[in-house]
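Structure record follows, encoded as structure tokens.
The values are calculated or read from the model by the stated rules, or taken from the named source; none is laboratory data. Every value quoted in this text rests on a predicted model; they were computed, and no experiment measured them. Positions of Cβ are generated from backbone atoms using ideal geometry, with glycine treated the same way; all protein chains shown enter the neighbour counts.
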Amino acid sequence: MTTILALDAMGGDVGPKVVVEGAAIALSQSQGPLSFLLFGDGPLIEAQLDKFPGLRKYSTIVHTDVLITNDTKPSTAVRMGRKSNLGMAVDAVAKGQAHAVVSAGNTGAYMALSKILLKTLKGIDRPAIPAVLPTIKGKTVVLDLGANIDCSAESLVQFALMGEAFSREILKLAHPTVGLLNIGSEDLKGNATVQKAAQLLKDIEDFNFSGFVEGNDITAGTTDVVVTDGFSGNVALKSIEGAAHLIKHLLEQALSSSWLGKLGYLIARSSFKQFKGRIDPRLYNGAVFLGLRHIAVKSHGGTDTIGFANAIGVAIQMVQSNLVDKIEQRLNLGASLQSVGPENA
């Protein structure tokens, strides 16, 4: 079966250049048949496709003059609806014309359109954005990373259930541990929201809740899943990425500052390349909106072609693993979330 992906060609800081070249890289790395629907300014997309003849026969351009930018408010994007580049890309998945959508565009607009057009799973009030991050012990799933700035305790519980199911499928963990991000690991720390969420999580049967974790526990790999609101999660993610860039810069600076450092680099070149690969944020780019009935993947707006290609790879993996069906089955949403209750209005 050919995997068909809808790409928002105008999303991100650079637009068609990164999207088209990223698609070309993803196509060259794909293990199976792959094709693309590219939505946006036709002439601009065409100009980039001319640089990649091998990609052209696997791509279809869908032109629109209605463009959503990084500054477009979610409410405005919703009014633009299916006529915009992002709306058309999401709608292609809703109509069954594509298996998944990938965009590096406006997160708020993307989430709003996805929630309206793709719908949420039964029992889920708000989709969440997870990411798989490298840790000392291996990998950790962190969510939410920016989709929901303010969250109720009930939403945090839903995120925890989805994150646990996601880690079972993606990280292949039989009994993943789940931690709730807080300003301290002590039971009495935190505001009323995280306190209530913790109590609700403790009451869920067959759920490995490890209690509160702190920011440093994310990279330590203290738990397999870390749950937080979108504000704190996004700050944590950007801080981790910034630290990775700093470490890389300081290491390169130290190795190039003297002949001894340069000699050391030559001796341990392969190890240093492996290290840089482990902390390269581009290789972890691409986060699926958990809680939707279809696959929608968000790429960083400022990523390059390698990062966008990785986001496409994430979409392919999600489609081929039947992630939505498996998460819904694992959660047994009708029963599991009943004990939590609907989110307070």
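Identify all residues within segment 73-123 that are assigned to a loop (DSSP other than H, G, I, E, B) and within 24 Å of residue 305 (Cβ to Cβ); write none if there are none. Passing the criteria: 98, 99, 104, 105, 106. Can you tell me which residues in segment 265-301 are closer than 30 Å to residue 92 by Cβ and either at pLDDT below 90 or among the hydroxyl-bearing types (Ser, Thr, Tyr) (or both)? Scanning segment 265-301 gives 281, 282, 283, 284, 285, 286, 287, 299, 300, 301. Screening 44, 67, 38 for residues that are within 25 Å of residue 283 (Cβ to Cβ) and either assigned by TED's automatic domain parsing to the domain that holds residue 105 or surrounded by fewer than 18 Cβ atoms within 10 Å (Cβ to Cβ) (or both) leaves exactly one candidate, 38.
For segment 38-71, filtering for residues that are out of contact with any His (no Cβ under 6 Å at 6 or more places or on another chain), modelled with pLDDT of 95 or more and of a type in the set (Gly, Ala, Ser) leaves 3. Only one entry of 134, 130 meets the criterion of being surrounded by fewer than 23 Cβ atoms within 10 Å (Cβ to Cβ) and either charged (D, E, K, R) or under 17 Å from the mean Cα position of the chain (by Cα) (or both), and that entry is 134. Taking segment 312-330 as the range and being closer than 18 Å to residue 300 by Cβ, surrounded by fewer than 19 Cβ atoms within 10 Å (Cβ to Cβ) and among the small types (Gly, Ala, Ser) as the test, no residue passes. Against the test of being in the same structural domain as residue 311 (by TED's automatic domain parsing), closer than 23 Å to residue 319 by Cβ and touching a residue at least 60 places away in the same chain (Cβ under 8 Å), the options 86, 113 yield a single qualifying residue, 86. Taking segment 295-307 only, how many residues are of a type in the set (A, V, I, L, M, F, W, C) and in contact with an Asp or Glu (Cβ under 8 Å, 6 or more places away or on another chain)? Number satisfying all stated conditions: 0. Picking from residues in segment 1-20 that are modelled with pLDDT of 90 or more and among the β-branched types (Val, Ile, Thr), the one that is farthest from residue 41 (Cα to Cα) is 2. Flag not set for residue 203, criterion: under 20 Å from the mean Cα position of the chain (by Cα) and more than 20 Å from residue 138 (Cα to Cα). Being assigned to a helix (DSSP H, G or I) and at pLDDT 95 or above is a property that does not hold for residue 262.
The single residue among 218, 204 that is modelled with pLDDT under 90, of a type in the set (Val, Ile, Thr) and at negative phi turns out to be 204. Where helices (runs of 4 or more DSSP H) sit wholly within segment 124-227, none has at least 1 residues that are assigned by TED's automatic domain parsing to the domain that holds residue 107, in contact with a strand residue (DSSP E or B) (Cβ under 6 Å, 6 or more places away or on another chain) and of a type outside the set (S, T, N, Q). Among the residues of segment 82-96, what is the count of those that are surrounded by 15 or more Cβ atoms within 10 Å (Cβ to Cβ), more than 19 Å from residue 285 (Cβ to Cβ) and not β-branched (Val, Ile, Thr)? Looking only at that region, the number is 8.
Residue count for segment 1-56 satisfying the condition of being of a type in the set (A, V, I, L, M), assigned to a helix (DSSP H, G or I) and in contact with a helix residue (DSSP H, G or I) (Cβ under 7 Å, 6 or more places away or on another chain): 12.
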